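What follows is a single structure, and I will ask about it in a moment.
The values are calculated or read from the model by the stated rules, or taken from the named source; none is laboratory data. This structure is a prediction, so every number in the text was calculated from the model and none was measured. Quick reminder, even Gly has a Cβ in these numbers, built from the backbone with ideal geometry, and neighbours come from all protein chains shown.
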Ligand SMILES: NC(=O)c1ccc[n+]([C@@H]2O[C@H](COP(=O)([O-])OP(=O)(O)OC[C@H]3O[C@@H](n4cnc5c(N)ncnc54)[C@H](OP(=O)(O)O)[C@@H]3O)[C@@H](O)[C@H]2O)c1
């Protein structure tokens, strides 16, 4: 892409990238990496006609919940992971592609998800980690993981 001076990259992070995520600590840290890496790479590539966009979905209805090795999680998950609170995957994909074609640096899928991520940026890191821990614990102890 750099050689031909043309291209666009869409990386997928998560709303988990925007604060520490106790009880899914490694997952959240890898998503912070994807966000930071994408934002840095976008700067490195901007003079070469290559755009980098980072899509951060919140809970989305995919095979993700079936794929974590816990039987029934896809249907039984509660709290922020409840099936009723997940965005349809086609909507999230559309948001990502719209951002990619608009050359945006990053996009968070869903207004409420964006608001929470913004609030997390303003809050002290410790407060943000504590609140996130409560939410993740609730999701992971009510019959999910
Ligand atoms: N679902 C959510 O709530 C949610 C929220 C935030 C972020 N995300 C992120 O969205 C991304 C996609 O997840 P998803 O929700 O669409 O989950 P998914 O339905 O489980 O899809 C995961 C995809 O990754 C592929 N994959 C897994 N391991 C791979 C490997 N080693 N090499 C190449 N491909 C591999 C799988 O391919 P096969 O089918 O061939 O195995 C599958 O197509 C992930 O980065 C996830 O962290 C998901």
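Being modelled with pLDDT under 95 and in contact with a helix residue (DSSP H, G or I) (Cβ under 7 Å, 6 or more places away or on another chain) is the requirement here; does residue 79 meet it? Before the answer, list the steps.
Details: modelled with pLDDT under 95: yes; in contact with a helix residue (DSSP H, G or I) (Cβ under 7 Å, 6 or more places away or on another chain): yes.
In short, yes.
Quick check on the range 31-45: of everything there that is exposed (fewer than 14 other Cβ atoms within 10 Å of the Cβ) and closer than 26 Å to residue 125 by Cα, which residue is farthest from the ligand (Cβ to nearest atom)?
Pass one, the range 31-45, residues exposed (fewer than 14 other Cβ atoms within 10 Å of the Cβ): 33, 36, 40, 43-44.
Next, only the ones that are closer than 26 Å to residue 125 by Cα stay: 33, 36, 40, 43.
On the way: 33: 12, 36: 15, 40: 19, 43: 22 Å.
For the range 31-45, the residue satisfying everything is 43.
OK, next. If you scan the range 12-30, which residues turn out to be within 12 Å of the ligand (Cβ to nearest atom), out of contact with any strand residue (DSSP E or B) (no Cβ under 8 Å at 6 or more places or on another chain) and in a loop (DSSP other than H, G, I, E, B)?
21, 24
If you don't mind, another one. Let me spell it out: the conditions are (1) more than 12 Å from the ligand (Cβ to nearest atom); (2) exposed (fewer than 14 other Cβ atoms within 10 Å of the Cβ); (3) at pLDDT 95 or above, and residue 53 meets all of them except one. Which number is the exception?
It is condition (2) that residue 53 fails.
Per-residue answers, yes or no, for (1) touching a strand residue (DSSP E or B) at 6+ places or on another chain (Cβ under 7 Å); (2) at pLDDT below 95:
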position	(1), (2)
75	no, yes
89	yes, no
92	yes, no
113	no, no
